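Here the structure is laid out as structure tokens; the discussion comes afterwards.
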Amino acid sequence: MQTLLFVGLTATLWSFLHSLFITHSWRRWQQRVFPALEPFSRLIYVVFSTLSLGAAFYWWRTLPETMLLDWTGSWQVLRWVGIVTALVFFALGARAYDNRAFLGLSQLVHHLQGTVGGEPEFSRGGVLGKVRHPWYTGTILFFIFALPVTDVNLVWRGVFIVYTLVGTELEERKLVVELGEKYSDYRREVGRFFPR
């Protein structure tokens, strides 16, 4: 039980830091205290998020686990439908988003060229005309279907699914403030995770 509590706490801590480091307040503080890092901030965020999550997954995989549900027999079909659907949402999202800006590469190139780049423009192109958050949809589906369910991964899956749901709502509130009525209309017209 204590192990599962630590798994839940580390997943929650990672989620908290992942959200904190992308807030406007954190970015303003970072710009004030470490202005030279500004062109690299998105890239640093992505690298830190990836490495810290990888370390957490590595640790969780070393823990003793009790199998709760395995995708055997005809359940394999459901599992692969879920995984393929998740991969489709990831791929469609990758086509719709500015991946270079997402990773922080555009910001780095602008800095090296001595130019100033803006934020990626709001887009409803591709899958974004049908689903507002295709990567979050893929993430939720992947967490549900990717692995057999054990006591350990049920805890971190649960934390990350709740984090994705809550984080999506918080992100959308931020986008309404930033983009105004344009994003409010988008919310009314396009489904959050699945097409309407």
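Coordinate-derived values only; no laboratory data. Predicted model only: the values in this text are computed from it and were never measured. Glycine gets a Cβ as well: all are built from the backbone with ideal geometry, and neighbour counts include every protein chain shown.
Here the label points at residue 68 and residue 24, each 7 Å from Cα along the C-beta direction, are separated by 3.8 nm in the simple model. Hull volume per residue, based on the alpha-carbon atoms of the chain and their convex hull, is 138 Å³.
Ranking 50, 164 by Cβ neighbours within 10 Å, fewest first, what do you get? Write out the running numbers ahead of the final one.
On the way: 50 11, 164 18.
Arranged by neighbour count, lowest to highest, 50, 164 become 50, 164.
I need to check one value: relative contact order of segment 2-189, counting alpha carbon pairs closer than 8 Å and at least 6 residues apart, in percent. Dividing the mean separation by the residue count of segment 2-189 yields 32 percent. A Cβ-based charge dipole, computed about the Cα centre of the chain with Lys and Arg at +1 and Asp and Glu at -1, lands at about 260 debye.
For every helix of n ≥ 4 consecutive DSSP H residues, a contribution of -39,500 (n - 2.57) applies; sum these over the chain, divide by its total residues, and give [θ] at 222 nm rounded to the nearest 500 deg cm²/dmol.
Details: 9 runs with 137 residues, N = 196.
My calculation for the chain gives -23000 deg cm²/dmol from helical runs alone.
Please report the net charge: other residues with Cβ closer than 9 Å to the Cβ of residue 168, K and R +1, D and E -1. Intermediate values should be presented prior to the final figure.
Working: positive: 132, 192; negative: 169, 171, 172.
Net local charge, residue 168 excluded: -1.
Measuring from a point 7 Å past the Cα of residue 196 along Cα-to-C-beta, which residues in segment 89-120 have an amide N at less than 11 Å? Under 11 Å, as judged by backbone N against the label point of residue 196, lies no residue of segment 89-120. Between residue 33 and residue 165, the simple spin-label model (points 7 angstrom out along Cα→Cβ) gives 3.4 nm.
Putting +1 on Lys and Arg Cβ atoms and -1 on Asp and Glu Cβ atoms, find which of 105, 142, 87 reaches farthest to the positive end of the dipole of segment 82-154. Highest projection toward the positive end goes to 87. Label-to-label distance for residue 58 and residue 116 is 4.1 nm, based on points extended 7 Å past Cα in the beta-carbon direction.
A straight chain from residue 177 to residue 6 at 0.36 nm per residue would run longer than the Cα-Cα distance by 58.0 nm. Cα centroids of segment 134-196 and segment 77-91: 16 Å apart.
With all pairs of different C-alpha atoms in the average, the Kirkwood value for the hydrodynamic radius of segment 65-171 is 16.1 Å.
Per-residue 3J(HN,Hα) values for segment 16-26, derived from phi via the Karplus relation 6.51 cos²θ - 1.76 cosθ + 1.60 with θ = phi - 60°, read 4, 5, 4, 6, 4, 6, 10, 6, 4, 4, 5 Hz in sequence order (x marks Gly and Pro).
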